[in-house]
1. When a/c reaches 1.5 or more, the comparison of a/b and b/c decides; with that in mind, is region 50-110 rounded, prolate or oblate per its Cα gyration tensor?
2. Skip the ligands, DNA and RNA, and give the accessible area per residue of region 111-267 with a 1.4 Å probe, whole Å².
3. Is the C-alpha gyration tensor of region 120-191 telling us rounded, prolate or oblate? Criteria: a/c under 1.5 is rounded; beyond that, a/b larger than b/c is prolate, otherwise oblate.
4. Probe radius 1.4 Å, ligands and nucleic acids ignored: give me the carbon and sulfur share of the accessible area of region 41-198 as a rounded percent.
5. Here is the link list: LYS163/LYS242; LYS163/LYS300; LYS89/LYS163; LYS144/LYS311; LYS144/LYS242; LYS89/LYS300. Which ones come out longer than 27 Å on Cα distance?
6. Over the Cα atoms of region 155-290, what radius of gyration and what Dmax do you get, in Å?
7. Cα gyration tensor of region 225-285, axes a ≥ b ≥ c as square roots of the eigenvalues: rounded (a/c below 1.5), prolate (a/b > b/c) or oblate?
8. With the Cα gyration tensor of region 38-181 in hand, give its eigenvalues times 5 under a square root as the equivalent ellipsoid semi-axes, listed largest first in whole angstrom.
Amino acid sequence: MKADIFRCRKIIIKTDSALRLLSAAALAVALTPGAGWACACGCGVFDVGTSSMLPTHEGGMAFLEYDFMNQDRNWSGTSHAPAANNNDKDIKTSFFTAGAEYMFSRAWGIEAQLPYWDRHFTTDLGGGDVESFNHSAVGDVRVKGIYSGFSADMSSGLTFGFKLPTGDYTYPNFDRDTEIGSGSTDILLGGYHMGNLAGQWNWFANGEWDQPVLIRSGYRPGSEVDAASGVYYNGWNIGSAKIAPLAQVLASYRLHDTGLAANRDDSGYERVLLSPGLEIDTSGFRLYGDVGFPVYQRIKGDQLTAQELFKLNISHSF
């Protein structure tokens, strides 16, 4: 009996020591200052199409798009912050996207996008040891259904689908919020409307909610809403080409990232951009470009932001 009591005491002592060790480790982690790695990518705003990407007829459209963003400014709250507050120093990304849209009728259609990213990442690994890394890979594929049967002119519609975890999220030199892929499967839900203001002036609004539902390796990207609204003029023609200048407002709202691999304190943001653009239509081809300039940013913690966002899209209807 004494031997059993002795063994029980040994087990209790060992268990108590292990719990104390785990508690001490957890406390040490909690008290350790968080690394300043974070990037307010805001890439989702590229996935909200302008009026040129909204369906207006039965049939198909194929497109190629190039977007570029150079995140070289550390931002905190609503103002520029010292670069020393963020271990990440610069993130340059070229986004290449091939996509197709097909309307089976004036009410139903489908859209798919295949992205490819080329990213240059400069970060301080600690002690002033600044290094740069380059990585190129396929991103997260998006597949969506389209319903445009609310009116005969297809001016209003809903989009719904998924973002699939096809992008690389395991590159060893990138943090989870700078990886090309998120590793998550997301539900996508959006809506749009186009209308006439007066004469040759038209307007549009388009928005999308991105909600991660299945995650991998302890990282859940923040839920995100992106929207675009603008006006454009359809009264200019040069020969057979129609030229439409456009002015739009882009907005993004993203919640904190969560999970063991996330940097919650340095994630999440609100952002508004003004984005002038130009669209040229001729012989079934459409060339569109715009440049977005942030006019309001409210960043959680310290994150890298870009001073401009560039977009160029060429599409062909068939």
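1. It is prolate, given that a/c is not under 1.5 and a/b is the larger ratio.
2. About 45 Å² of surface per residue is accessible.
3. prolate
4. Result for region 41-198: 61 percent of the exposed heavy-atom area is carbon or sulfur.
5. Working: LYS163/LYS242 34 Å; LYS163/LYS300 25 Å; LYS89/LYS163 29 Å; LYS144/LYS311 21 Å; LYS144/LYS242 29 Å; LYS89/LYS300 17 Å.
With Cα atoms farther than 27 Å apart: LYS163/LYS242; LYS89/LYS163; LYS144/LYS242.
6. 18.9, 59
7. Because a/c hits 1.5 or more and a/b exceeds b/c, region 225-285 counts as prolate.
8. Numbers: eigenvalues 274, 52, 25 Å².
Ellipsoid semi-axes (Å, largest first): 37, 16, 11.
The values are calculated or read from the model by the stated rules, or taken from the named source; none is laboratory data. Keep in mind that what you see is a predicted model, and the values were worked out from it rather than measured. Quick reminder, even Gly has a Cβ in these numbers, built from the backbone with ideal geometry, and neighbours come from all protein chains shown. Heads up: the accessible areas ignore ligands, DNA and RNA and are worked out on the full protein's heavy atoms, side chains in. Shrake-Rupley method; radii C 1.70, N 1.55, O 1.52, S 1.80 Å.
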